[in-house]
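Visitor: Just passing along the structure, written as structure tokens.
Every number here is computed from the coordinates shown, using simple stated rules; none is lab data. Note that the coordinates shown come from a computational prediction; the quantities given were computed from them, not determined experimentally. Note that each Cβ is placed from the backbone with ideal geometry, even for glycine, and that neighbours are counted across all protein chains shown.
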Amino acid sequence: MSLVTPKKMSAPPVIAARLSALRGQLTRWLTIHGAGRWLAIVLAIILADIFIDRVFQMDLAQRTIMLVVMTGTALWFLFLRVLRPLMVRTSDDALVAKVEQITDGSNEQILSTLQLAREADLAQTGTSKTLVEATIADGIARARSLDFSQALDHKQHRKDVTLLALVGGVLALLAIGVLATGFLGTWFSRNVMLSSVQWPQPTYLEIAGAADGKMVLPLGAKHKQIVTITEDSSVTDVNVSLEVEGVSGNRTTYPMTTTGKLDGRERVYEINVTNEFRFRATTGNGMQTDWIDVTYVEPPAVVDLQLTATAPAYTRLEPAPLTGGGPYAVLEGSRLAITASSNKPLASATLAAAGEAIPIRLPDGDPTKLSITVPGATVGGDTGADDERDTSLAGGEYELKLVDQSGLANIRRSRFTVTIKEDQAPKLRTDLLGISGLVTQRAILPMAFQAADDYGLSQTWFHCRWREPEDLEDTPEKTRQVYFEVLPVEGPVITLKDAAVLDLEPLALPQGTSLRVTMNVNDTKPVTPNQAASKEFLLRVVSDEELRSDLLRREIEQRKSFEQIYQAQLELMSAVEVVSAREIPEGMDPGKFHQQLESQLIDLIRDQKGVGTSVDRIANRFEEFLVEVKNNRLDEAENELAPEQRIETRFDEKIIRPIRNMDQNMISVANRNMDNCRRLTNDAVALGDAVAQTIAIQQEILTEMKVILEAMNTSENFQEIINEMLNVKASTKSISTGIKQLKSKQTIDSEEDAQGIFDD
């Protein structure tokens, strides 16, 4: 089944003719409506401009700006008020609907006729043709009987015509006034034709030396500007000032003095010509001249000064231009290249630097260019033995002095200041990892460090100095430099973050030695590199037995601290039970009671968090013990005696990881449960359930703490046994050594020969 779209037909001729006439009338009325208001706006703009120029007496630039603003504003309102409304087309349906609404209500008889007449074949849609034709005939008859122009607002149109006529008449009178009156003629000449005609005024001023609003003066000269009050002025006894505006737009007013000539009508003021500017003369009674633009004839001057600093080779920096106004900070050992251009050909040029006058050779091809390099000047772009000066770049003031080919020296000084900055020493931060104040003879010292230098690092090393137990106070300390390579070979490194290890075994330090260790780094500065040293680490070399005893002592201290934490957790659980069991005292406000209960729970939450912080700190301490044991190589002998009870097993698996697990999975849960109790203080039943959950997890914490305490006790007991076994082993080795000595010598001749045989 195919679907046929009905063809669209045009409106009946009667209705179309009436609509066309209505649309034409509407266009004319809209034009009158918009034109009247637009001309009123134009009139207002003109009157405002007349008022502003007469009161403030604008200069040429201001009048030009006002003309552009007035023209733009008028064109914009022409578009808004006249053109844009005409660009909007109203549909036939809308016009018919408006006509029917105004004339006979809104029965839409003509609108229906218009819409039905557009359809070419309504039979296919099932509409009765007879009914449609009757409807169209009635609508056409109705359209003939109506005056479509009644839909327009005739009262408003009369107002629009009146406004247009009134405004047009005023503008016509204004145009006549421009031709017939001096006042409006002056305004038109000043603000439309942009002439220099002045408003009628009591005092007229004449500026000497100005032509067409311009004046040319020598730059740097002291120019005496003369202003004369003309003879046709009705008022001559007035104060005259010179208003000067610089290139930055700042204005300054200077009072002029009387020369005594022309019956006191001549005034003078001396102007320093340092740049382009403009000025005008003003009087005390409000009169003023137009602005005079001043240009100048320049003496020789530097118009393009470029400074380029070349840092020493070790910095590997590219030559860098110096920008800004200075002073310029230049690295010690740098070279400074100075290039400049003059505004005119020169006869000679000199660089005044640090009390020395250095002549600059000018190139033959272009005497406006000059260049020099200090130290070791390269003059005129050539390099020769005579031009090289074996001096260092000095700090201070530098000045270029020029003389042009007419013998005129530069008036405007071209100078700059150079300061010499030193290459700063590298920056170094260090941290000794896993080492306490006691170390064994075979310990390794891991040291994490961060080093940085502006231009590169070249060398890193440990500086060790110590005094052995038998040394006297006046005995010089022994020193050793231990170098290590962490820098790449291909070039200097600006920043470095790494770790280095110092092995004490090659130093063969006896027990009781006081060892001082610093880490050092050099930069890439040649001959005398800058050096940075870390803070000094003070260590004492002890026997394995002494360090084990000290570690055991510290381990016992941590176990006792853990016992105190266990007791605090036990008291905390009891406090939670007590708080949950509290009842509201008789006569007490329930709100206040719940507030107190919540405050107590907040304190308990803080205590529970403190438990977590404390156990975490103990886990950290045991991790440090484990690292310290390995760094001092104490685990080698222990693993040899009891390989199944390695310190990693005793510390990491039995103490450290259980504490971490308890902190993350139990204490954190207890914190959340206690916070839940705090939120449920107003609900006794829910609070009881939350307290029960809290006490349950706290009981699990106490149980886990007991297991960890047992592991700590076991580790301590085992460590004591290991220490005794190692002491016995050391004693046995000492006796064996003595027996071997006895067999080799057969006799013991002195106490020294027997020393160590029966030591514990």
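Visitor: Can you give me the orientation-averaged projected area of the convex hull built on the Cα atoms of the stretch 215-329, in nm²?
Guide: Computing the convex hull of the Cα atoms and averaging its projections yields 10.3 nm².
Visitor: At 7 Å along Cα-to-Cβ for each site, give me the label-to-label distance between Lys592 and Thr649 in nm.
Guide: Output for this residue pair reads 6.3 nm.
Visitor: Exactly which GluC sites (Glu not before Pro) in the stretch 471-511 are in a DSSP loop and have at most 11 other Cβ atoms within 10 Å?
Guide: The qualifying sites are Glu473, Glu485, Glu490.
Visitor: Hey, quick one: spin label on Ser392, modelled 7 Å out along Cα-Cβ, who in the stretch 514-547 has an amide N within reach, i.e. under 13 Å?
Guide: 528
Visitor: Set the Förster radius R0 to 45 Å, insert the Cβ-Cβ distance between Ala347 and Arg251 as r into 1/(1 + (r/R0)^6), and round the FRET efficiency to 0.05.
Guide: Rounded to the nearest 0.05, the efficiency is 0.70.
Visitor: For Thr230 and Phe56 in one chain, what is 0.36 nm times their gap in residues minus the Cα-Cα distance, to one decimal in nm?
Guide: Full extension of this stretch gives 60.5 nm more.
Visitor: Follow-up. Dividing the Cα radius of gyration by the Kirkwood radius, what Rg/Rh value follows for the stretch 188-279?
Guide: Rg/Rh: 0.98.
Visitor: Under 16 Å from a label point 7 Å along Cα→Cβ of Asp454: give me every residue in the stretch 404-433 with its amide N that close.
Guide: 418-428
Visitor: Subtracting the Cα-Cα distance from 0.36 nm times the residue separation, let me have the gained length for Leu179 to Leu709 in nm, one decimal.
Guide: Contour length minus the Cα-Cα distance gives 179.4 nm.
Visitor: Quick one: Debye curve from the C-alpha atoms of the stretch 427-542, no solvent, what's log10 I(q)/I(0) at q = 0.15, 0.17, 0.24 Å⁻¹?
Guide: Log-scaled intensity ratios, in q order: -0.68, -0.83, -1.34.
Visitor: Hey, with R₀ at 51 Å, roughly what FRET efficiency would Asp304 and Asn239 work out to, going by the Cβ-Cβ distance, to 0.05?
Guide: That gives a FRET efficiency of 0.70.
Visitor: Related question: Among 562-568, 361-367, what's the highest-first ranking by average C-beta atoms within 10 angstrom per residue?
Guide: The most tightly packed comes first, giving 562-568, 361-367.
Visitor: Considering the zone a paramagnetic label at Thr274 would reach in this model (a point 7 Å from Cα along the Cα-to-Cβ line), which residues of the stretch 334-368 have amide N under 11 Å from it?
Guide: none
Visitor: Continuing with the same structure: Which whole-angstrom value gives the distance between the alpha carbon centres of the stretch 646-706 and the stretch 531-606?
Guide: 14
Visitor: What length, rounded to one decimal in nm, is gained on full extension from Leu86 through to Thr613, with 0.36 nm per residue of separation minus their alpha-carbon distance?
Guide: 181.7 nm
Visitor: P(r) of the stretch 306-421 in 10 Å steps, Cα pairs, percent per bin?
Guide: Reading the bins upward from 0: 13, 46, 33, 7, 0.
Visitor: Now a separate question. Using a basic spin-label model with each label point 7 Å from the Cα along Cα→Cβ, how many nm lie between Arg442 and Glu623?
Guide: 2.8
Visitor: May I pose another question? Using the Karplus curve 6.51 cos²θ - 1.76 cosθ + 1.60 with θ = phi - 60°, what ³J(HN,Hα) values do you get for each residue of the stretch 223-232, in whole Hz, with x for Gly and Pro?
Guide: With coefficients 6.51, -1.76 and 1.60, one gets 9, 8, 8, 10, 10, 10, 7, 5, 5, 7 Hz.
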